[in-house]
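Engineer: My questions all concern the structure below.
Laboratory data are not the source of any read-out in this text; all were calculated from the coordinates shown. Bear in mind that the values here come from a model prediction, so they are computed numbers and not experimental data. Positions of Cβ are backbone-derived with ideal geometry, glycine not excepted, and every protein chain shown enters the neighbour counts.
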Amino acid sequence: MIITRAEEADLHRLLRFRTDSAAWLRPLGTDQWSQPFPAEHILSSIRAGEVFLIKEVAGGDAAATVTLDEDADSRLWTPEERVAPALYVHKLTVDRKYAGIGLGARILDWAGDRAARAGAEWLRLDAWTTNPQLQSYYRTQKFEHVRTSPDLNVVSGWAAQRPARPDNAHGLVEELGGDEAGAVA
């Protein structure tokens, strides 16, 4: 699998990842991603070079997506935690055709490797507060629960982290177009 940066033309596919996932999750009893996500927010992340697509072949349809950035939500992370060098995983989504083959774990390992190359100490994420299956998945991926926000308006309030670490066993080939190995995004 290869990993490329998303481009503005990929916005429709990125939005479809979200709606497809919401449709899959609904019968499982969670409302995760059921509300439309502002397209302008995704476009901003694309323009910043923070959104990645994972594909079987260059030019093919995306099998998965992830956003990797330095955006620490101040409602989840303390001021002390926010000054520690970290990268944050957002919107990790795997197309259901690729479910069950460990692609999500490989993406997380790639993100941890990228974080380590960028000099980060931590790979962090937040997960849907009412989705214990997703939280359990992240625990199996060696993320340690830090806290859950008591603010009911923070729907993705389960915060977790694991140390950033080099890992070239993920098997994802970067085709990022002139990207420096240590660059964050």
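Engineer: What is the dipole size for segment 2-174, taken about its Cα centre, with +1 at each Lys and Arg Cβ and -1 at each Asp and Glu Cβ, in debye to the nearest 20?
Structural biologist: The calculation lands at about 420 debye.
Engineer: Per residue and in cubic angstrom, what volume does the convex hull of the Cα atoms of the chain have?
Structural biologist: On the way: hull volume 21.3 nm³, N = 185.
Cα convex hull per residue, to the nearest whole number: 115 Å³.
Engineer: Given R₀ = 22 Å, FRET efficiency for residue 44-residue 83 by Cβ-Cβ distance, to 0.05?
Structural biologist: The value I calculate is 0.40.
Engineer: With just the Cα atoms defining each centre, how far is segment 121-163 from segment 58-91? Give it in Å.
Structural biologist: First find each Cα centre; the distance between them is then 12 Å.
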